[in-house]
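J.: I have a structure I would like to understand better, so I am pasting it below and will then ask my questions one at a time.
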Amino acid sequence: MDDDSRQHEALLRNKLRLQVVITLCVGSDIDRTPHRCARGCDIICPSPELEKRGERSLRLRFAPSPTGYLHVGGARTALYNWLLARRFGGAFVLRIEDTDISRSTEEAIEAILEDMRWLGLDWDEGPETGGDHWPYRQTGRATLYLKAARSLLEEGKAYRCFCLPEELEARREKAVAEGRSPMYDRRCRSIPPEETHRMEQEGRPFALRFLVPEGETVVRDAIRGDITFNNAEIEDFVLLRGDGTPTYNLAVVVDDRDMEISHVVRGDDHLPNTPKQILLYRALDTAEPAFAHLPMIVGQDGKPLSKRHGDVAVGRFREEGFLPDAMVNFLALLGWSLDDATTIIDRRTLVTNFGLERVGSKPAVWDDDKLLWMNAQYIMAMGDEDLARALMPFLAREGLAEEDDEQALERMLSAAPLIRERMKVLSDAVPLVAFLFREVEAEEEAKELLRGEENQAILRETGKRLLELDRFDSASIEEALRATAEGMGIKPRKAFQPIRVAVSGSRVSPPLFESMHILGREKCMQRIARALEAGGEQDR
RNA sequence: GGCGCAUUAGUCUAGUUGGCCUAGGACGCCGCCCUCUCAAGGCGGAGAUCGUGGGUUCAAAUCCCACAUGCGCUACCA
């Protein structure tokens, strides 16, 4: 049996096992195999609670808060959700979590949408797309939260708290200083109803707090398994602020419930929030979704990614000339693997193979070098035309050519094969091809290659030869240059350098003959003449 | 402080039911080859006592316990 068929068999076996687990999970004995379900069945199995209600459709979401640009951590979360939705034919919902009005901005929202589109993460429901659960940003859903909050209050599952933020803060500090737990002490819980009513009538602001029930709450995480939290360690968290706006925990639960989200896949910084949310789902008499918490992405120093670690905004990668597919490939591999050997994985393969069962649980360190390498791989796989077109905006930005300049595009088309494997990001092309679009001044360090008896002679002789050529294509040019070198008894690697500097202005350039061909005889001759002049002057 | 999560080479990771692991692949690094420069490519190499200490077992990276370290949460931020 060859390797291929062995691999195939292994795949088949895996698939089969998955199938079995799925069957196991959706069967009626769900409750008796809780752990097996949480870890084994992965995302394919909707949470048992939803399952009981017969709701099987997969609905995933990405819910960024527009307090800044989309960073790579968020992008990865979005990608995983998108991949899962696409793989299993589910819906991918984009929801803007802007309950923190003071920190949210319209620009941030637009930028996030733009980055999502660039990465190719299209959403089935959300801003600009619409959907059955409109609106898809939290500021437009205030009444829904209020309604949920009211019902909790009426059912005695939440209560008014008249403590002022400053008071709470002071008490917390004191508690910590004295070594006590800084948890809210529930003092407002015991205010008699008449009193509460009176204070409310007086117009005293209050926050609504959730009354955390006794007992334990188990989070069944698809990546980590079951995690048990003691409710006694969860404080009566705030649902509604003094100004009536909802806090994150309330809003997220109400939205996920209303939008019928079946699987919540997010960063593991949310793990401690999860028991609170599960409690809320239950208080609202709603089946909770399945949860999966992704490990964070951290910098080389092990600290969470932030502006400190260089710019981690998705937009920055776009501007530098990273390709969306390379980003997606790289992001996917940050915490997930296809197998024990594959690194380059196209989007299609990702979609058909991605699953939470191969998501790891330790933090992933962002590695710029590897991203660069991967991007280079994707650039090398591009066709000439695609590459040339992709490069035009970068030329335009540097003022080398208009973006829609047909002639320039034509030139880039010929240059593409020469520079493709010399770039890591698209913007790398600019210094490589600049000499094709504008006159050059030799770099300081390169100037000495134009001076001196021998170098001048090379330039002179080569110029003569080039002039005599019938055809000015790269083969003829190569022949001429080699003949010149040989005639003068100089090694090619030495003889070509002055020409390179004369033509490109640099000691490093794309392949010489092809470059000269693209530049054209006239330009080449001019530049060699100029080099002779410049080098000759220096000599005297 | 409390609660939670994590811990395989510089990095991403494979390793899921203990033996096929003298720990596999990739990035990076080093060397050689190719070569008109730079790349790309080819070949080869160094680099991991699998956080530490115990235990279970004929056998542990894999199971159990403790400790250490890192990170997260502990907000009327999300």
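J.: Over segment A:135-203, what is the mean sequence separation of C-alpha contacts under 8 Å (at least six apart), divided by residue count, expressed as relative contact order in percent?
T.: 25
J.: When the Karplus curve 6.51 cos²θ - 1.76 cosθ + 1.60 is applied with θ = phi - 60°, which whole-Hz ³J(HN,Hα) does each residue of segment A:441-447 get, with x for Gly and Pro?
T.: 10, 4, 4, 3, 5, 8, 4
J.: I need to check one value: relative contact order of chain A, counting alpha carbon pairs closer than 8 Å and at least 6 residues apart, in percent.
T.: 12
J.: Hey, another quick one. Taking the Cβ of A:Pro193 as the center, what net charge do the other residues with Cβ under 12 Å away carry, scoring Lys and Arg +1 and Asp and Glu -1?
T.: With Lys, Arg at +1 and Asp, Glu at -1, the net is 0.
J.: How much length would be gained if the chain were fully extended between A:Asp243 and A:Glu385, taking 0.36 nm per residue of separation minus their Cα-Cα distance, in nm to one decimal?
T.: That pair, A:Asp243 and A:Glu385, stretches by 45.5 nm at full extension.
J.: So if I place +1 on the C-beta of Lys and Arg and -1 on the C-beta of Asp and Glu, and nothing else carries charge, what would the dipole magnitude of segment A:255-403 be about its Cα centre? I want it in debye, nearest 20.
T.: 520
J.: Moving on. Could you give the angle, 0 to 90 degrees to the nearest 10, between helix A:406-419's Cα long axis and the longest principal axis of the Cα atoms of chain A?
T.: With rounding to tens, the tilt is 90 degrees.
J.: Take the cross-link list A:Lys174/A:Lys303; A:Lys174/A:Lys276; A:Lys447/A:Lys491 and give me the ones stretching past 27 Å between alpha-carbons.
T.: Those over the limit are A:Lys174/A:Lys303.
J.: So, one more: Based on a Kirkwood Rh over C-alpha pairs, give the Stokes-Einstein translational diffusion coefficient of segment A:81-137 at 4 °C and viscosity 1.567 mPa s in µm²/s.
T.: 107
J.: Does anyone have the angle between helix A:142-154 and the longest principal axis of chain A? Alpha-carbon axes, 0 to 90°, nearest 10?
T.: 30
J.: Another question about this same structure. Could you work out the Kirkwood radius for segment A:360-502, taking every pair of different alpha carbons, averaging 1/r and inverting it, reported in Å?
T.: The Cα-based Kirkwood calculation yields 17.8 Å.
J.: Just to confirm the number: angle between the C-alpha axis of helix A:453-468 and the first principal axis of chain A, 0 to 90 degrees, nearest 10?
T.: Value to nearest ten degrees: 80.
J.: So, one more: Based on the alpha-carbon gyration tensor of segment A:488-540 and its eigenvalue square roots a ≥ b ≥ c, which shape applies: rounded if a/c is under 1.5, prolate if not and a/b is larger than b/c, or oblate?
T.: Taking the square roots of the gyration eigenvalues as a ≥ b ≥ c, segment A:488-540 is oblate.
J.: Also, quick follow-up: Over all distinct alpha-carbon pairs, what is the Kirkwood Rh of segment A:223-295 in angstrom?
T.: Hydrodynamic radius (Kirkwood, Cα only) of segment A:223-295 equals 13.0 Å.
J.: Just to check I understand the Karplus step: with θ = phi - 60° and J = 6.51 cos²θ - 1.76 cosθ + 1.60, what whole-Hz values come out for segment A:424-438, glycine and proline as x?
T.: With the stated coefficients, segment A:424-438 comes to 10, 10, 4, 5, 4, 5, 3, x, 6, 10, 3, 5, 7, 10, 8 Hz.
J.: With viscosity set to 0.890 mPa s at 25 °C, what whole-number translational diffusion coefficient in µm²/s follows for chain A from Stokes-Einstein and a Kirkwood radius over Cα pairs?
T.: 88
J.: Output needed for segment A:109-220: three equivalent-ellipsoid semi-axes, defined as square roots of 5 times the C-alpha gyration tensor eigenvalues, in descending order, whole Å.
T.: Rounded to whole Å, the semi-axes are 37, 21, 16.
J.: Packing-wise, with mean Cβ within 10 Å as the measure, how do A:197-210, A:432-445, A:507-520, A:243-256 rank, highest first?
T.: Ranking the peptides A:197-210, A:432-445, A:507-520, A:243-256 by packing returns A:243-256, A:507-520, A:432-445, A:197-210.
J.: Now for a separate question. What does the net charge come to around A:Lys424 if you take all other residues with beta carbon closer than 14 Å to its beta carbon, with K and R at +1 and D and E at -1?
T.: Charge balance near A:Lys424 sits at -3.
J.: Also, quick follow-up: Separation of segment A:123-173 and segment A:354-415 by C-alpha centroid, Å?
T.: That distance is 42 Å.
J.: Taking the simple approach of a point 7 Å from Cα along Cα-to-Cβ for both A:Glu410 and A:Thr139, what is their distance in nm?
T.: 5.1
J.: Quick one: dipole size for chain A, taken about the Cα centre, charges +1 on Lys/Arg Cβ and -1 on Asp/Glu Cβ, in debye to the nearest 20.
T.: Charge dipole of chain A: 1120 debye, to the nearest 20.
J.: On to the next question. Of A:Thr196, A:Thr67, how do they rank once you tally other Cβ atoms within 10 Å and put the fewest first?
T.: Ordered by Cβ neighbours within 10 Å, fewest first: A:Thr67, A:Thr196.
J.: Okay, moving on. Could you check the spin-label model distance between A:Arg189 and A:Val508? Points 7 Å from the Cα along Cα→Cβ, value in nm.
T.: Between A:Arg189 and A:Val508, the simple spin-label model gives 6.7 nm.
J.: While we're here: Order the peptides A:77-84, A:229-236, A:342-349 from the highest to the lowest mean number of other Cβ atoms within 10 Å of their residues.
T.: The densest-packed peptide leads the list: A:77-84, A:229-236, A:342-349.
Laboratory data are not the source of any read-out in this text; all were calculated from the coordinates shown. Just so we're clear, the structure is a prediction, and the values are computed from it rather than from any experiment. Glycine gets a Cβ as well: all are built from the backbone with ideal geometry, and neighbour counts include every protein chain shown.
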